[in-house]
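Input: a single structure, listed below in structure tokens.
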Amino acid sequence: MTQWVTTTQLLEDLKTTHDESAWTEFCSHFQPVVIEFAKKLGLSNVEAEDAAQETMAAFFKAFKEGKYDPAKGRLSNWLFGIAKRITLNLRGRQPLEKLIADKATGTSFWDMVQDDRTIGRTWELQWQQMVLKKCLDQVRQEFDPKIFGAFRHYAIDQFAIEEVCQRFDMSRNAVYIAKSRVLSRLRQLRQRFE
Amino acid sequence: MKCPEQELIEHYIQGRLEPQALSEFEAHLQTCKHCQTIVAEARENEKLLIEIRTFEKTSSEPRELSSKEIYTVDQAQKLLGERYRVIRKIGEGAAGHVFQVADTVLDRLVAVKFLRKKDATKDTDSKRWHEARLMSQLNHPGVAQVYEIGEIEEQRFIVMEWVDGLPLTDAWKDLPIQQRLNIYVNVLNAISAAHARGIIHRDIKPSNILVSSDHKPKILDFGIGLETQYLSGVKQNVYRGTPAYTAPEQVTAPIQIFPSTDVFALGILLYELLTDTLPFPQTDHKKLFEAIKTQHPELPSAIRQKVPISLQNICLKALEKDPQNRYSTARDLADDINRYLRGEKVWSRPSFLSDKIQQEVFYHRQKLKVWRDNELLTEKEFDRLENIYERVISPPDLSIIEARKLSFSQVCLYFGGWIVVLGSFVLFYKTWVNIPPFWRPIPALLATGLMIILGLAMWKRNESRLAVGFLSTANLLVPITFLLTLAQWDLLSPVNYPWGTESISGILEQMESYVIVGNVQLYFSSLCWFAFSLFFLHLTRSSIFVFFGIISFLVWLTSCYIIAGMIGPVDTFNPWAREITAGRYLYPGIGFFVLGVILDRHKFIHYAWPLCMVGLAMIVICLSVIAISDATIFGWLLRWKPGFLNDYEIQLVSLIFNGLIYLGLAGVCRSLGTRLQRTLASILNWLGPIHILGTLRILDSDGLNIFGSHKIVYRILLPIASVGFVFGSVVRQMKSFFFSGLAGIATAVQRFTAEYLKNYFAWPVALIITGIIWMLVSWRVPLWRANRLLKRAK
């Protein structure tokens, strides 16, 4: 399980340490977001990975040159700018018939991504999902498994309250408190991450 | 009031507090800062929770949130109201989200699909309910039924039959090929029904075909289905479908969609059926589409050894790159699969195989020509090989091959047909006094009508083998039924027409029949027969109808001759009688022959050869009849000096003339140069010498009262002609000349021995010595010649 870090910390590490580990750590966080984003824009798995690598490299170069100033905007927005440019560039080189998206449902790429606003939303969704996943992983580590389990069953999976009480041997109030605590912590973590 | 427990806050946030408790809580909230903070946090938490739930539910297929769409069970339940109880979400398709729902009124499970919103306001009703309309139009047991459509709060939904089953490839995972095929044929039937109504599914894949536990498949998801009448409206650059089941034309700009686009996907399913793998296994889309457009899949039999070649051919034909080469609809594909299941031969060949064969054969044929020119092959061997190659690259029409093949089912078909014909014939020639005349031809009429209808129906369904069977039976029934009907209903009867002399009544009388048939009736019946033969020939292009056509034409011609009084009256009707001028059939025979030659030159060899054969047979028969009848065309040539030749001599000399005609005709055929003509030439090359040498031998026999001096001439001509043929064979390697010449020499030797030399021992000795000398000469002469040439060269 990866250690909990914030974007600020990741960037700080990148600036101060000069070995590969900081870079690897940085990539492990953001590369998957770019891959998913690129796939949503119609690239194949392999191409999406290429796009992600290219994005990371471009970001790294800009970062080393000191072009990125955290005060001016979120890391997410900066990465989005690079990822969008690279992905659309890659996509533009493809023949028309490749511009499809969803293998399982057969949904056309054009149905989904039509304009800049939608592309932005797609990125934001990927980003949020990554952040949420990290936060959930973190709270799972922090909380007692019983508390987290009750939260998961009641709040996310929407089991009936009686069932959750029975399974975890908790009072109704305790389950509600568990839900409230976990969610509060999640919000806290999310705020801190960016 | 003290600060409430978390449970109360939870209920408050979710709006589930009773009015009494609510007012109390709100009153407390206004005064308690602590609780205000908690509630504010709880609201924030709730927002976060909705995000988490959404991501969790769509974590494998993350989608953008849209307030317009129905994502969760709760949302669905809220919309659908009391009648429907939403059980669970079962998936998302191209066109919307699908839930399993219990219909509490009708007490059944249904699937409810909420449609995605796309310019709903712009669309007409028929467009908005596109999928539901397509599915309800189909009403096929293999397609999930639409029960209801509805719209609540601008959210459209379709209530459909709930199909409890597994996706196709999962369902047949552990089944043998035969059972898989049964399921597959049902899938084909459902898609055929769609194609028949002009609907193209466009997204056929295992997950859109659910198979119930009793192996009945149901087709789902016509979300991107198309009606052929709207094909022109397909956006030229929008890909829709599932990559692994995509046809080449779906990813080649400009995108074109045909029913055969579905056939390609069905071909992929068949490939999976046979091999359990995808024909194009590439996961990267770029490579996948490239493969679909340009590569041939690995042969199923290379993956699984036991794959039947017929099925492999069907599968590869369905996977043709060019839609034109594929089965045009699912029905055609189903027909071939059914043919395989019935144990019949499947003639479909994927085009790349025949392309390859064509290429190979082309090179082989080039080589054959070189071999022939270098005399590695004789002309005959060359012809034979060419014939085989011709058949390999352009096999005759399927119906012809299938109908010619005497399989058990085909023999049964013909046997049945023959029984029907015999039954109708018995109906025709017997007199049924107990039955009123009106009813007598009815069974035959019904049988003929049925055969024609069945034949045409089978032809329409591409069952060419059965079609040819039924149509040829019908073709035989037509003249019998016509004659029977005309005779029994007293139509066009001889009484009403002065030229309606009864011609075949005589033959019928000999068969103890009392049906009176007139020539006019025969005339019209044979004309109808001829017309039907031509129609069936035009329809099926099967050469059997060429034969029927020729025969019916000859019958019609005969009836014309009889009506015109050119062939003798009824009581002396005898086709071999001398009064019949065979010349009347000579010209049609020549006509057939010439027509055959013309067709042959235009590559219609299937029609040419029956015409040429029948034409040649008629020419030979007529010339022979002419020769032995009084009124021969050579008669007046040979009777220039009356009494010089007696009657028998005239006839026999005419036959020698015939032999010369055949040799001349053989030369003409050979010069025409096609394979058929060369075959005819070789037949004529046998007929010529046999006529000439055989007749010369007969002319020399005793008991014909031929002048002695004439006999000696013929006796001397026989060995001379024989030797001529033997050495004439050198020119064109004609074995017919060589062997008939040898036989002629043998009869001449026998004749000379019997006549003059039976007491001379020296005669056989002289023959032996002559033979030896000839052999020595033939051994040494070439050597002497060679030496002389060498010397001259030096």
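Amide H to amide H distances under 5 Å link B:His97 with B:Phe114, B:Arg116, where only residues 5 or more positions off or on other chains count and H is placed in the peptide plane. For chain B, the relative contact order is 5 percent, taking Cα pairs closer than 8 Å that sit 6 or more residues apart in sequence and dividing their mean separation by the residue count. Among B:Met135, A:Met170, the ranking by other beta carbons within 10 Å of each residue's beta carbon, starting with the fewest, stands as A:Met170, B:Met135.
Annotation for the range B:755-774 versus the range A:128-143: alpha-carbon center distance of 122 Å.
The smallest convex shape that holds all Cα atoms of chain B, its convex hull, gives 297 Å³ per residue. Hey, how much of the P(r) for the range B:155-226 falls beyond 19 Å, as a percent of Cα pairs? When all Cα pairs of the range B:155-226 are counted, 36 percent exceed 19 Å. Whole-Hz Karplus ³J(HN,Hα) for the range B:195-211, in order, using 6.51 cos²θ - 1.76 cosθ + 1.60 and θ = phi - 60°, x for Gly and Pro? Running phi through 6.51 cos²θ - 1.76 cosθ + 1.60 with θ = phi - 60° gives 4, 4, 8, x, 10, 10, 6, 6, 9, 6, 7, x, 6, 9, 10, 9, 10 Hz. In this structure, the amide hydrogen of B:Ile199, modeled 1.01 Å from its nitrogen in the peptide plane, lies closer than 5 angstrom to those of B:Thr228, counting only residues at least 5 positions away or on a different chain. Cα centroids of the range B:173-203 and the range B:303-341: 13 Å apart.
For the range B:545-558, putting each phi into the Karplus relation 6.51 cos²θ - 1.76 cosθ + 1.60 with θ = phi - 60° gives couplings of 6, 5, 4, 4, x, 4, 5, 5, 5, 5, 5, 4, 4, 4 Hz, in residue order, rounded to whole numbers and with x for Gly and Pro. Rounded to the nearest 500, the helix-only mean residue ellipticity at 222 nm of chain B stands at -20000 deg cm²/dmol, with each DSSP H run of n ≥ 4 adding -39,500 (n - 2.57).
Within a Cβ distance under 15 Å of B:Gly591, other residues only, what is the Lys/Arg minus Asp/Glu net charge? Cβ neighbours under 15 Å give a net charge of 0. When B:Ile268, B:Ile435, B:Ile255 are arranged by Cβ crowding within 10 Å, least crowded first, meaning fewest neighbours, the order is B:Ile435, B:Ile255, B:Ile268. Given Cα pairs under 8 Å that are at least 6 residues apart, what percent is the relative contact order of the range B:139-219? It comes to 39 percent, rounded to a whole number. What the Cα convex hull of the range B:1-59 gives, in volume per residue, is 75 Å³. Counting neighbouring Cβ atoms within 10 Å and putting the fewest first, the residues B:Ile661, B:Ile257 line up as B:Ile661, B:Ile257. Any idea what log10 I(q)/I(0) is at q = 0.13, 0.24 Å⁻¹ for the range B:268-385, Debye with uniform C-alpha scatterers and no solvent? Per q value, in the given order, log10 I(q)/I(0) is -0.66, -1.37. Compactness check for the range B:632-759: Cα Rg over 2.2 N^0.38 Å is 1.15. Rg and Dmax of the range A:143-194, based on Cα coordinates, read 11.4, 38 Å.
Karplus-based coupling profile of the range B:32-38, in residue order and whole Hz: 9, 5, 4, 5, 4, 4, 4, with θ = phi - 60° in 6.51 cos²θ - 1.76 cosθ + 1.60 and x standing for Gly or Pro. Neighbours of B:Lys173 by Cβ distance under 11 Å: Lys/Arg scored +1, Asp/Glu scored -1, total -3. In whole angstrom, note down how far apart the Cα centers of the range B:10-52 and the range B:134-169 are. Cα centroid of the range B:10-52 versus Cα centroid of the range B:134-169: 42 Å apart. The orientation-averaged projected area of the convex hull spanned by the Cα atoms of the range B:429-472 comes to 3.5 nm².
Less than 5 angstrom separates the built amide H of B:Thr431 from those of B:Tyr514, all sequence-distant by 5 or more or on a different chain. Counting only GluC sites (Glu not before Pro) that DSSP places in a loop and that have at most 14 other Cβ atoms within 10 Å, the longest clean stretch of chain B runs over B:580-794.
Each reported figure results from applying straightforward, stated rules to the coordinates on display, with no laboratory input. Being a predicted model, the structure only gives us computed values, none of them experimental. Ideal geometry is used to build each Cβ from the backbone, glycine not excepted, and the neighbour counts take in all protein chains shown.
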